[in-house]
Amino acid sequence: MERIFVATALLLFSMVAARAGDRSGYQADIAKPQPGICIVDVIQSEELAGAPIFQHLVRARLRVIPLDGPPFEMIIERFKPWQVPPPRRGQRLRLACDPAVLNSLSFY
């Protein structure tokens with residue numbers, strides 16, 4: 001009975017030690033800035049008429065701040081499902097973005 005207890009304790013201790021070693025490397029990966037992530041501030045947003053049923057047509061003026069470049073402003077017009085709230089003025093989001101393809105920003 002004692003052998004089973006000691007073996008179980010050693011197994012658990014080795015598993016905890018292995019996970020602790022993995023976490024230190026995991027934390028270092030999180031701390032690195034990730035290219036392709038942008039901070040997006042909504043400057044102005046409005047819902048336009050003329051959207052299909054169960055959709056909203058939203059026009060938003062955005063300030064995009066890439067982590068590896070200068071900030072810029074852009075205007076997007078998108079159809080959104082009616083269940084998804086439109087972006088609101090003052091809202092700040094972290095989105096994946098590709099500086100080469102700026103139309104790839106998505107709020108949902």
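The values are calculated or read from the model by the stated rules, or taken from the named source; none is laboratory data. What you see is a predicted model; the values in this text were computed from it and never measured. Cβ: placed from backbone, ideal geometry, glycine included. Neighbour counts: every protein chain shown.
Annotations for the structure displayed:
- Beta carbons closer than 9 Å, at least 6 apart along the sequence or on distinct chains, pair a first residue in the stretch 45-70 that is farther than 22 Å from GLY90 by Cα with a second that is among the aromatic types (Phe, Trp, Tyr) for ALA51/PHE79; ALA51/TRP82; PRO52/PHE79; ILE53/TRP82; PHE54/TRP82; GLN55/PHE79; GLN55/TRP82.
- Strands (runs of 3 or more DSSP E) contained entirely in the chain, each with at least 1 residues that are at pLDDT below 90, small (Gly, Ala, Ser) and in contact with a strand residue (DSSP E or B) (Cβ under 9 Å, 6 or more places away or on another chain): 92-96
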